[in-house]
1. Determine the order of L291, L564 by accessible area, beginning with the largest, at a probe radius of 1.4 Å.
2. Among K244/K463; K372/K535; K440/K535; K351/K463, which pairs are too far apart, with a Cα-Cα distance over 32 Å?
3. Identify, among G283, P101, I516, the residue whose Cα sits farthest towards the positive end of the charge dipole of the chain, taking +1 on the Cβ of Lys and Arg and -1 on the Cβ of Asp and Glu, with the dipole about the Cα centre.
4. Going by the alpha-carbon gyration tensor, a ≥ b ≥ c the square roots of its eigenvalues, is the range 311-432 rounded (a/c under 1.5) or, if a/c is not under 1.5, prolate (a/b greater than b/c) versus oblate?
5. Applying 1/(1 + (r/R0)^6) with R0 = 30 Å to the Cβ-Cβ distance of S33 and E227, what FRET efficiency is obtained, to the nearest 0.05?
6. With unit charges on the beta carbon (Lys/Arg positive, Asp/Glu negative), name the residue among L12, M545, T558 whose Cα is farthest towards the positive pole of the charge dipole of the chain.
7. For the range 463-546, which trypsin sites (Lys or Arg not before Pro) pass both filters: DSSP loop (anything but H, G, I, E, B) and at most 15 other C-beta atoms within 10 Å?
8. Treating the beta-carbon of each Lys and Arg as +1 and of each Asp and Glu as -1, no other charges, what is the dipole magnitude of the range 460-572 about its Cα centre, to the nearest 20 debye?
Amino acid sequence: MTSDDGFIIELLTKKNAVSETAVQSARQAVEDSFEGPVEEISETLVLEHLVDDLNIPKEQILSALADEFNMEIGHVDEVLLSDDVKEFFPFNLVQKYKFFPLSINDAEAEIAVSDPFNIDTVDNITHILNRPLILRLSSTADIENAINANYDESSDSINAAFASATEALSGDASQTVSIEDGEDSPIVRYVQTVITEALNRRASDIHMEPLEKRFRIRFRIDGVLHEIENPPKRLQPTLLSRIKLMANVSIAEKRIPQDGRIGIDVGDKSIDLRVSVLPTAFGESIVMRILDKEALNLGLPQLGFFSDDQANFERVISLPDGVFLVTGPTGSGKSTTLYSALNYINHPDRKIITVEDPIEYEMSGINQVGVKRDVGMTFSAALRSMLRQAPNIIMVGEIRDKETAEIAINASLTGHMVFSTLHTNDAPSAVSRLVDIGIKPFLVSASIRSVLAQRLVRKICPKCKENSTPDERLLNSLGIRPEQISNATFMAGKGCEECNNTGFRGRIGVFEMFNINEEIEHMIYEEVSLVALRKRSRELGMRTMREDGIRKVLAGVTTPEEVLKTTVSESI
């Protein structure tokens, strides 16, 4: 019924649907059979006894509630959903919010709920469906039965795995679930199911987070975290141990961070998971980065370049020597951009060597070296040895210190093309960052050919995108001028099964490309301020990430909200 079963019992008594004697009898029966302290008895148990053992008809309870709430009863057992309705109301949506769809049209949606006063749930459903709701009242059990009858049970694979793992631990509290059994082990099946579900939802990361009273699992999809159904808290130690065993890290060590890697077959795919284990206040937090080789888009158009930016990018990465840097925070797509660049220039007449920590994707025709600090194979040590291999092109996963930066820059000055990444907020800041870590300005000006800063924004789902009129305040915040609006194609996704009702599917980059010409070289050598350097670059035609994002909004590729939350405005 509703979440407040004590209120329901009181209401039924007030309306004479249930006698005080029946309630007292039910409460006494529950107390007699309850093994724990009496004060821990919930009103839910009393209500269940009233319905199941004292044969109080559910219809009688529903009728009393409907009368009190001034609502109609939703007869969910009489509904058979069409495929069109199920497409609009996907299984994961109805399962998450525990409602059952009754009808839908362009103006409104009619749904059955068991708790009409759960305002957060009603608001969330209204927002996702983007239309007003007509609420009908039904029982929780009837809604669950209707969902099971109308939706493919295989869709509930994660919940089935939860149930299996929970059942294995039920009863004897001292019983444990083996973390090394074969595929029939409930914990093994559960972990496999979570990974499979993450892949099906196009997640880039799986987060397993121990909180004080629950164990939370979230998927990062298109850069946004989505919480899934959580397993019981008591399964936390066994699940974490299973993941650590698969990642080949110490199960006994719980005091320090650990890193590992999992290779797993999901269907006909071979997936690599990069595992990070971090001790927290309530247990070890585990994040698994999914490295799906088949899902890696290595074409330059897939990165999100417009044709003019792509031509500029292709020109820079095809230069015979120099340093090309990609900057941005963690998770901004720097590695994917560099892999795409290597893929574009990977020809049989060129020798390409990379040094990475770790090697995320294996690429044919390229020599890839993994960093192993425990045996002295650092970025700088690998770089020194790589130069003896006479490569044409070198990729350094990240410039982190002065030694690595010096070797990379010296390599570029001796005829090599060097690709690398750097953590800075924008492209011109890469110059000051290199100077800050100890590189002489004349070496920076002589070696850097171009710096690309980037962020990722979500793309509007192509299946459910439709014309949209964005809020005028958003357009003003972005600095979009009236003359730009007249030729724009504003779009938005209304939400569909393909995009998990988010309106977005996939991500693309917004870019800022800082090219070094003779004038900029001289300014770097003269150690002018970063503000002056950026201002002159803008005057020479550099487009900021915010401006590139605006172009993608006007073209209907993404939304104003995405660009606003990902980029910053320009003061010059």
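1. Listed by decreasing accessible area, they come as L564, L291.
2. In this structure, K244/K463; K372/K535; K351/K463 exceed 32 Å between Cα atoms.
3. Result: I516.
4. Because its axes are fairly even, with a/c under 1.5, the range 311-432 counts as rounded.
5. For S33 and E227, the calculated efficiency is 0.30.
6. The residue sitting farthest along the positive end of the dipole is M545.
7. The qualifying sites are K463.
8. The calculation lands at about 440 debye.
The values are calculated or read from the model by the stated rules, or taken from the named source; none is laboratory data. Predicted model, so just to flag it, every value in this text is computed and none were measured. Don't worry about glycine lacking a Cβ; one is built from the backbone with ideal geometry, like all the others, and counts go over all protein chains shown. Heavy atoms of the whole protein, side chains included, go into the accessibility calculation; ligands, DNA and RNA do not. Shrake-Rupley method; radii C 1.70, N 1.55, O 1.52, S 1.80 Å.
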